[in-house]
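S.K.: The structure that follows is given in the form of structure tokens.
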Amino acid sequence: MASSVCSPRHSLFLSSSTKSPLRDCPVRFPACNAFHSRRRLVSATRLKVSASSPAPAVDHSPSRAASRAPTVVEVDLGNRSYPIYIGSGLLDQPELLQRHIHGKRVIVVTNTTVAPLYLDKTVSALTDGNPNVSVESVILPDGEQFKNMENLMRIFDKSIESRLDRRCTFVALGGGVIGDMCGYAAASYLRGVNFIQIPTTVMAQVDSSVGGKTGINHPLGKNMIGAFYQPQCVLVDTDTLNTLPDRELASGLAEVIKYGLIRDAEFFEWQEKNMPSLLARDPSAFAYAIKRSCENKAEVVSLDEKESGLRATLNLGHTFGHAIETGVGYGQWLHGEAVAAGTVMAVDMSHHLGWIDDLLAQRVGNILKEAKLPNAPPKTMTVKMFKSIMAVDKKVADGRLRLILLKGPLGNCVFTGDYDKKALDETLNAFCKS
């Protein structure tokens with residue numbers, strides 16, 4: 001069987017520290033040098049989406065106060081292209097959001113943790129100098145366990161009660177759970193309305209807010225109900241990370257690490273050198289990590305929006321990780337924690353298959369440990385639980401479980417169902433009880 005190849009919650013206090021079904025496909029993605037001809041410099045402040053752009057040392061990155069002009073990464077989807085604005089203090093720049101508002105009605109979807117911190121600031125950004133715009137809000141409970149149909153209906157209830165029309169704009173203010181639910185609501189309300197993402201966690205800023213994946217969980221599987229629906233823009237105000245708890249910050253780093261492993265070796269090597277700076281919340285380090293992650297994802301999404309093959313490689317560790325989240329109960333483990341453990345399992349399986357060497361496997365374990373992320377699934381997960389949950393994973397096709405595994409040197413991966421099943425059994429048995 002052919003395989004797809006790819007190379008290249010907040011707290012109220014400051015923290016102390018294609019269109020065809022998914023299938024195997026023979027798409028090649030050369031390491032760190034892919035499809036450069038499709039990229040362009042979109043303005044003086046916009047950065048070319050280039051997997052080989054140099055990783056500066058943190059000391060030489062632009063200082064936080066150097067400029068209020070945002071970095072802009074473009075997601076190239078033809079007439080549905082949109083910008084990702086990245087920078088400090090962007091919620092204090094109303095023009096950025098207001099240029100993407102349609103009509104006069106806006107609804108902000110957020111949660112009980114983020115609302116006291118950033119809802120008023122967001123409403124001001126939407127209405128400052130723009131008195132014709134009225135803003136409603138929906139404040140949902142905080143946590144993965146609330147990413148469900150009941151809370152999705154609360155968004156619809158408020159929208160219908162407020163008589164929002166087709167020219168309204170939905171704004172997601174929060175982490176990945178809020179972004180996914182608000183986006184799915186926007187995709188469904190009146191069969192599709194304008195949508196903006198304002199991610200406030202590392203996880204959402206580097207991954208879930210970009211690319212148009214929206215949806216809710218089902219008791220039998222994570223993200224099983226949803227739609228591909230792109231936003232009008234993504235606004236990443238890095239100041240929102242100042243109130244993010246350490247555990248949430250570390251969780252988001254799992255997705256940052258992923259990009260380096262699957263397609264950007266230089267970025268992974270930069271992370272190995274700069275992980276202490278990221279954990280210390282160095283603004284320059286985070287500005288670069290967010291930019292580089294968004295560039296990587298934007299490029300993949302522009303080439304494979306509906307996940308027919310290449311985009312699936314962005315799910316390294318997610319098949320095992322989603323099984324962990326479902327098995328232990330949504331919200332018990334943060335998404336990035338589960339993905340980190342899942343990445344270790346995917347790397348272990350890649351090693352059993354002989355597809356990567358000892359050194360790469362050790363480097364993955366080391367960087368996840370340094371990022372204060374789990375290196376194994378919870379002890380309550382059994383082999384039987386993993387197999388049962390993974391059997392309904394979205395990447396199963398014709399009864400075959402396809403996985404994203406590392407193959408070759410750093411920065412290379414495959415998406416395939418063509419592997420020795422004994423290797424999967426060996427990995428599951430190494431990490432779990434029967």
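S.K.: Can you tell me which of A397, A391, A371 is buried (at least 21 other Cβ atoms within 10 Å of the Cβ) and among the aliphatic types (A, V, I, L, M)? So that I can check it myself, show each step before the final result.
M.R.: Details: A397 fails: buried (at least 21 other Cβ atoms within 10 Å of the Cβ); A391 fails: buried (at least 21 other Cβ atoms within 10 Å of the Cβ).
Residue meeting the stated conditions: A371.
S.K.: Please go through region 154-181 and pick out each residue that is closer than 23 Å to P199 by Cβ and surrounded by fewer than 17 Cβ atoms within 10 Å (Cβ to Cβ). Walk me through how you get there before you give the answer.
M.R.: Taking region 154-181 first, the residues closer than 23 Å to P199 by Cβ are 154-156, 158-159, 164, 168-181.
Result: F156, single match.
S.K.: Next up: Go through region 205-217 residue by residue and tally those that are surrounded by fewer than 23 Cβ atoms within 10 Å (Cβ to Cβ) and modelled with pLDDT under 95. It would help to see each step written out before you state the result.
M.R.: Looking only at region 205-217, we keep the residues that are surrounded by fewer than 23 Cβ atoms within 10 Å (Cβ to Cβ), and these are 212, 215-216.
This time we only want the ones that are modelled with pLDDT under 95, so: 212.
The number of residues fulfilling the criteria is 1.
S.K.: May I pose another question? For the subset of region 373-393 comprising residues that are of a type outside the set (A, V, I, L, M, F, W, C) and part of a loop (DSSP other than H, G, I, E, B), which member is nearest to D246 (Cα to Cα)? Explain how you work it out, then say what you get.
M.R.: The initial filter retains those residues of region 373-393 that are of a type outside the set (A, V, I, L, M, F, W, C), namely 374-375, 377-380, 382, 384, 387-388, 393.
Narrowing further to those that are part of a loop (DSSP other than H, G, I, E, B): 374-375, 377-380, 393.
Numbers: P374: 14, N375: 18, P377: 20, P378: 20, K379: 23, T380: 25, D393: 30 Å.
Once the filter is applied, the top-ranked residue is P374.
The values are calculated or read from the model by the stated rules, or taken from the named source; none is laboratory data. Being a predicted model, the structure only gives us computed values, none of them experimental. Quick reminder, even Gly has a Cβ in these numbers, built from the backbone with ideal geometry, and neighbours come from all protein chains shown.
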